[in-house]
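Encoded as structure tokens, the structure appears first; notes follow it.
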Amino acid sequence: MDFFSMDGRGFYVWGSFGAFLAAIVIEIVLVRLRIHRAQKAVCDTLGSADPSGTENSDAGKGSK
Amino acid sequence: MSAVLASEQELSTPERGVWLTLTRDIKLAMRSKGELAQALAFFIIVVSLFPLAIGPESAVLKRIAAGVVWVCALLAVMLTLPRLFQSDYVDGTLEQLALSPYPLPLLCAGKMLAHWLSTGLPLAMVAPVLGLQFGLDASELLVMVAGLLIGTPVLTMLGAIGAALVLGVRGGSILMALLVLPLYIPVLIFGAGAVEASLAGIDATANLSLLAAMLLFGLVTTPFAAAAAVKISLD
Amino acid sequence: MSLFKYSAPSSFYPLAGRLVPWFGTLAFLLAVGGLYLGLFVAPEDYQQGEVYRIIFIHVPSAWMGMFIYLVMAMYALLALVYQTRLSAMMMEALAPTGMMFTALALWTGALWGKPTWGTYWVWDARMTSTLILLFLYVGYMALVNAIDDKKRADKAGALLVLVGSINVPIIYFSVKWWNTLHQGASVSLTQGNKMAATMLAGMLIMALACWMYSIAVALCRVRAIILERELHAAWVKDIREVRT
């Protein structure tokens, strides 16, 4: 219990560590959501459009 | 506008680029005196709000005078920044300017100079009157005007970069405030610091020379940055 | 040049995908080690007591906030000089993480300041310039989000970050100057006492963990950005995640 009270300054110490952890967890969740959404969008465009339709003008830019 | 540009192209030495945009923008500013007056009126009104909000104790007012005048000058300059490129961007003149044989950085420098002559300079001229309202003495007023004369060109130059970047972008003016105000902080600190130093009886030249150093650095670099920003926005 | 091969989004996407787990695991292991050192092994500070343990996350956060802006400035230079699209995407991927660390540095600094200095906020030179750094991040993200044309957003953001990074030392110097002028309320951050070796080690390990974490998250985010932008490119339909 001593460890959590931190000389009675637990609010400050755990407020800092908690916010730090929360921020990182939230960022990881958001980034994972974002990439999954992007991957799903790719699957959707491949699924819906016919193969020739996906080869639009952006295709050439794929390699710089 | 493009006819004017074409007729002057025979005389295309690079320095004429500055002169071209300078005279043109000054002429345009003179033609719309209302806008010029608006910025000044905004400056005067906002500065006058502070004694009403804080109270008329002369000791307090004297203490905050420099900060209030400088923050209001910052805001007034910032609000006029769209004038630099916005209308030229909308009617296509900016594109003509970018395609003209004159180097774009020089054209931008001319525009900045015209903007300063029509905003920063008038602000510095009315500032002493406002300083008097806050109970500043002659020597402090002198320092304040000197600081504004050196510092407001820096505001214009940094602002030109921001103004060029947000051309045609939605929510432009608030966005520009976000971009430009953090960059204005050193000018604010040294400008207001100069007046405070003289209030405290310290020599203000250190602050003023730091402002001057920023002005010189800005003169050399910002026209190029602004020109790059204009090119980015025109692409 | 083998390095330039990876400046193409199509070849960087799978490379980043392979690197993310490594950096992520490294970050996790370092964080566990650093927190163990910081919270359990490092002795109590005889002046500040237990509350000093906040510095194990405060200092790394502040470092990362500044460092990421620096890295962004480097990418900005690459983006403007070599016109590489990937550099601009990396900037966009780094900015949220840099902003998060800057905000965390301010938050943890405030929570450290209250019990130590007796106030949440002091207009100390370092805290003030960290706040301004946060504004610079906000400005960059606002600009990039406001411009719909991605090519223009990339270049505009790069120019802004470059101008900002030239201003950072000027801002820091001016704030420091301003702070010495108003000596009254300021409290010196530099502790007189020498830092114990375990404290320093804990802090450095935590900084390393934050660094690895930033790389992992930025790489993961840049993959998402690449896919969002290259949605219709031909190579996209061959990536592993889509084929399975």
Exercise. Might you let me know whether segment C:137-144 holds any residue that is farther than 30 Å from C:Ala79 by Cα and more than 9 Å from every other protein chain (Cβ to nearest Cβ)?
Key: no
Quiz item: Out of curiosity, is B:Pro122 in a loop (DSSP other than H, G, I, E, B) and touching a residue at least 24 places away in the same chain (Cβ under 8 Å)?
Solution: no
Quiz item: What is the number of the single condition among (1) closer than 28 Å to C:Gly139 by Cβ; (2) surrounded by fewer than 17 Cβ atoms within 10 Å (Cβ to Cβ); (3) more than 13 Å from chain A (Cβ to nearest Cβ) that C:Leu80 does not meet?
Solution: (2)
Quiz prompt | Enumeration of residues in segment B:184-207 that are aliphatic (A, V, I, L, M) and either part of a loop (DSSP other than H, G, I, E, B) or surrounded by fewer than 22 Cβ atoms within 10 Å (Cβ to Cβ) (or both) | solution = B:Ile185, B:Leu188, B:Ala197, B:Leu199, B:Ala200, B:Ile202, B:Ala204, B:Ala206
Quiz item: Out of (1) under 30 Å from C:His232 (Cα atoms); (2) crowded, with 19+ Cβ neighbours inside 10 Å; (3) within 17 Å of the chain's Cα centre (by Cα), what's the single condition that is false for C:Met99?
Solution: (1)
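Here is a yes/no grid of residues against (1) among the charged types (D, E, K, R); (2) away from every other protein chain (no Cβ under 12 Å); (3) assigned to a helix (DSSP H, G or I); (4) surrounded by 21 or more Cβ atoms within 10 Å (Cβ to Cβ):
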residue: C:Ser7; (1), (2), (3), (4): no, no, no, no
residue: C:Leu15; (1), (2), (3), (4): no, yes, yes, no
residue: C:Pro21; (1), (2), (3), (4): no, yes, yes, no
residue: C:Gly33; (1), (2), (3), (4): no, yes, yes, no
residue: C:Ser61; (1), (2), (3), (4): no, no, yes, yes
Exercise. Output the number of the condition that C:Val161 fails; it satisfies all remaining conditions of (1) at pLDDT 80 or above; (2) within 10 Å of another protein chain (Cβ to nearest Cβ).
Key: (2)
Quiz item: When you go through (1) assigned to a helix (DSSP H, G or I); (2) under 23 Å from B:Ala39 (Cα atoms); (3) more than 9 Å from every other protein chain (Cβ to nearest Cβ) one by one for B:Leu167, which number turns out not to apply?
Solution: (1)
Quiz item: In the set B:Leu142, B:Leu149, B:Leu130, B:Leu117, which member is closer than 16 Å to B:Lys27 by Cα, at pLDDT 90 or above and in a helix (DSSP H, G or I)?
Solution: B:Leu117
Quiz item: Can you pull out the residues in segment B:186-207 that are within 8 Å of chain C (Cβ to nearest Cβ) and either in contact (Cβ under 8 Å) with a residue 40 or more places away in the chain or within 17 Å of B:Ala65 (Cα to Cα) (or both)?
Solution: B:Ile189, B:Phe190, B:Gly193, B:Glu196, B:Ala197
Quiz item: Hey, does segment B:146-162 have a residue that's over 14 Å from the mean Cα position of the chain (by Cα) and either in contact (Cβ under 8 Å) with a residue 24 or more places away in the chain or within 14 Å of another protein chain (Cβ to nearest Cβ) (or both)?
Solution: yes
Quiz item: Given the residues C:Tyr69, C:Tyr52, which is the only one that is touching a strand residue (DSSP E or B) at 6+ places or on another chain (Cβ under 9 Å) and in a helix (DSSP H, G or I)?
Solution: C:Tyr52
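Yes or no, residue by residue, for (1) at pLDDT below 95; (2) touching a His at 6+ places or on another chain (Cβ under 9 Å); (3) hydroxyl-bearing (Ser, Thr, Tyr); (4) under 21 Å from C:Val71 (Cα atoms):
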site	(1), (2), (3), (4)
C:Leu104	no, yes, no, yes
C:Gly113	yes, no, no, no
C:Leu131	yes, no, no, yes
C:Asn145	yes, no, no, yes
C:Arg152	yes, no, no, yes
C:Ile170	yes, no, no, yes
Quiz item: Condition test on C:Lys114, is it over 19 Å from the mean Cα position of the chain (by Cα) and away from chain B (no Cβ under 14 Å)?
Solution: yes
Quiz item: Given the residues C:Leu133, C:Leu86, which is the only one that is crowded, with 19+ Cβ neighbours inside 10 Å, touching a Ser or Thr at 6+ places or on another chain (Cβ under 7 Å) and within 14 Å of chain B (Cβ to nearest Cβ)?
Solution: C:Leu133
Quiz item: So which pairs qualify, if the first residue must be in segment B:97-108 and in a helix (DSSP H, G or I), the second must be modelled with pLDDT of 90 or more and of a type in the set (Phe, Trp, Tyr), the Cβ gap must be under 7 Å, and the two must be at least 6 apart or on different chains?
Solution: B:Pro105/B:Phe224
Quiz prompt | Selection count, segment A:5-39, where residues are exposed (fewer than 15 other Cβ atoms within 10 Å of the Cβ), part of a loop (DSSP other than H, G, I, E, B) and at the interface with chain C (Cβ under 8 Å from one of its Cβ atoms) | solution = 1
Quiz item: Can you tell me which of B:Leu210, B:Leu215 is buried (at least 17 other Cβ atoms within 10 Å of the Cβ) and at the interface with chain C (Cβ under 10 Å from one of its Cβ atoms)?
Solution: B:Leu210
Practice problem: Give the number of residues within segment B:170-185 that are of a type in the set (A, V, I, L, M, F, W, C), facing chain C (nearest Cβ under 8 Å) and closer than 17 Å to B:Leu155 by Cβ. | Solution: 5
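The values are calculated or read from the model by the stated rules, or taken from the named source; none is laboratory data. This is a predicted model, so every value here is computed, not measured. All Cβ positions, glycine included, derive from the backbone under ideal geometry; neighbour counts span all protein chains shown.
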